[in-house]
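Worksheet: the structure to be examined is printed underneath.
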Amino acid sequence: MGRGSVSAQTVFSSTHQNADGSMTKLLQEAAVRGWQVYNWCYRETLEPHGWLSEREKESFKRTVSSDTLARRSRTRRAQPRRSRHRP
């Protein structure tokens, strides 16, 4: 339930590392329902202004296969891109 002039909202956040995973299904549902989707690049979250350290970024790269990254890239291109600054 919202309060005052602020509406209630639900936020889903993911690295979207599995092209056939839960986030893909949520993005498909968002398209059907007309939900707002905000995307940003991991570089926007890197230290010193963000929370992601270079060490964590490199660790993530070692745990994700190149095949997964390629499939994710194809999936993302199919999704509409919206600026995270749009209301």
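The values are calculated or read from the model by the stated rules, or taken from the named source; none is laboratory data. Here the structure is a predicted model, which is why all the values come from computation and not from measurement. Ideal geometry is used to build each Cβ from the backbone, glycine not excepted, and the neighbour counts take in all protein chains shown.
Quick rundown of the values:
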| read-out | value |
| --- | --- |
| Subset of region 12-47 (residues that are among the β-branched types (Val, Ile, Thr), assigned to a loop (DSSP other than H, G, I, E, B) and exposed (fewer than 12 other Cβ atoms within 10 Å of the Cβ)) | 15 |
| Test set (1) surrounded by 10 or more Cβ atoms within 10 Å (Cβ to Cβ); (2) at pLDDT below 90 - residue 62 fails condition number | (1) |
| Odd one out for residue 50 among (1) assigned to a loop (DSSP other than H, G, I, E, B); (2) loosely packed, with under 10 Cβ neighbours inside 10 Å | (2) |
| Qualifying residue in region 29-47 (condition: out of contact with any Pro (no Cβ under 9 Å at 6 or more places or on another chain), at positive phi and at pLDDT below 85) | no |
| Residue check, residue 22 at pLDDT 80 or above, polar (S, T, N, Q) and within 12 Å of the chain's Cα centre (by Cα) | yes |
| Pairs with Cβ under 9 Å, 6+ apart, first in region 34-48 and within 22 Å of residue 59 (Cβ to Cβ), second assigned to a helix (DSSP H, G or I) and not hydrophobic (A, V, I, L, M, F, W, C) | 42/57; 46/54; 46/57; 47/54 |
| All positions within region 53-68 that are part of a helix (DSSP H, G or I) and either in contact with a Gly (Cβ under 7 Å, 6 or more places away or on another chain) or without any contact (Cβ under 8 Å) to a residue 24 or more places away in the chain (or both) | 54, 55, 56, 57, 58, 59, 61, 62, 63, 66, 67 |
